[in-house]
Amino acid sequence: MSAPLLEVARLQAGYGDTQVLFNVAIIIKPGEVVTLMGRNGMGKTTTIRTIMGLLKATDGDVWVEGAPVSGLPAYAVAQKGLGLVPEGRQVFPTLTVEENLIATAANRVGGKAAWTLPSVYQFFPRLRERRGNLGSQLSGGEQQMLAIGRALMTNPKLLILDEATEGLAPIIRSEIWECLRSLKQAGQSILIVDKNVSVLEKLADHHVILEKGRTVWMGSSQDLSENPDLKERYLGA
């Protein structure tokens, strides 16, 4: 049996003397869409930062395709095939759309790259229209498209989105969800942090719920939809 694309076990981390994560566990198989859910302040972003090597774990393990990545610097974790769309988008404000896209471009899967400038522009036509504009000149929705496009330009094995639609207008949220559905249909593995439970139930294969830095539940979309008490207790949904 092949190893999971991403496996997180007993992960612990924090900031200074404050421990935030306690034994977080996540498993993502190739081609799966998995969510990381929980109320605000439960450790979701800290988990993403620790997986990506942006925050050092104090204990536990992270494996990518069976290879340990715990303790590696962020650039080395990214080279293993993880592409991050960070919370707040964090596009380069003084670079153009096109410069943002090519700044971190790579072909980490080998062979013919699936994502190039033409394919990203085809996926996000608005970025083609705005290719000469600076990152600071884009709307929030356009910046999110750019952040996703920039991550796709690394040709990631796993695309990670932290707060995929936070702060976006409803029509832009719908566009982002449709893009993620298309990526899923194409076989892209995705880890999503977002608060839109009803959409995530339909989009994702499996879900992980955090409560006070601990994995308190893992299961399928069917399991989640059939358990309203669980959603009310941990998600307020």
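Step by step: first the residues of region 118-158, then only those that are out of contact with any helix residue (DSSP H, G or I) (no Cβ under 9 Å at 6 or more places or on another chain) and of a type in the set (A, V, I, L, M, F, W, C), then the one that is farthest from LEU95 (Cα to Cα). Which residue is that?
Applying the filter and picking the extreme gives LEU158.
Yes or no: GLN222 touching a residue at least 24 places away in the same chain (Cβ under 8 Å), in a helix (DSSP H, G or I) and of a type outside the set (Ser, Thr, Tyr)? Full working, then the answer.
Numbers: touching a residue at least 24 places away in the same chain (Cβ under 8 Å): no; in a helix (DSSP H, G or I): yes; of a type outside the set (Ser, Thr, Tyr): yes.
It is false that GLN222 is touching a residue at least 24 places away in the same chain (Cβ under 8 Å), in a helix (DSSP H, G or I) and of a type outside the set (Ser, Thr, Tyr).
Looking for whichever is more than 27 Å from SER139 (Cα to Cα) and either under 14 Å from the mean Cα position of the chain (by Cα) or crowded, with 18+ Cβ neighbours inside 10 Å (or both) here; the options are GLY187, GLY213. Which one fits?
Answer to the check: GLY213.
Tell me which residues, restricted to region 204-230, are under 26 Å from ILE176 (Cα atoms) and touching a Ser or Thr at 6+ places or on another chain (Cβ under 8 Å).
Across region 204-230, the qualifying residues are ALA204, ASP205, HIS206, HIS207, VAL208, ILE209, LEU210.
State all residues of region 162-188 that are assigned by TED's automatic domain parsing to the domain that holds VAL64 and either hydroxyl-bearing (Ser, Thr, Tyr) or assigned to a strand (DSSP E or B) (or both); if no residue qualifies, say none.
If the condition is that a residue be assigned by TED's automatic domain parsing to the domain that holds VAL64 and either hydroxyl-bearing (Ser, Thr, Tyr) or assigned to a strand (DSSP E or B) (or both), then ASP162, THR165 are the ones that fit.
Please go through (1) outside any helix (DSSP H, G or I); (2) touching a residue at least 40 places away in the same chain (Cβ under 8 Å) for VAL216 and return the number of the only condition it doesn't satisfy.
So VAL216 meets the others, but not (2).
State all residues of region 63-112 that are acidic (Asp, Glu) and crowded, with 16+ Cβ neighbours inside 10 Å; if no residue qualifies, say none.
GLU65, GLU87, GLU98
Do you know which of the residues in region 223-237 that are hydrophobic (A, V, I, L, M, F, W, C) and under 21 Å from the mean Cα position of the chain (by Cα) is surrounded by the fewest Cβ atoms within 10 Å (Cβ to Cβ)?
This residue is LEU235.
Consider only pairs whose beta carbons are under 7 Å apart and that are at least six residues apart or on different chains; among these, list those whose first residue lies in region 31-59 and is outside the structural domain of ASP194 (by TED's automatic domain parsing) and whose second residue is modelled with pLDDT under 95 and crowded, with 23+ Cβ neighbours inside 10 Å.
Short answer, once both residue conditions are applied: none.
The values are calculated or read from the model by the stated rules, or taken from the named source; none is laboratory data. Just so we're clear, the structure is a prediction, and the values are computed from it rather than from any experiment. Counting neighbours? That spans all protein chains shown, and the Cβs are built from the backbone with ideal geometry, glycine included.
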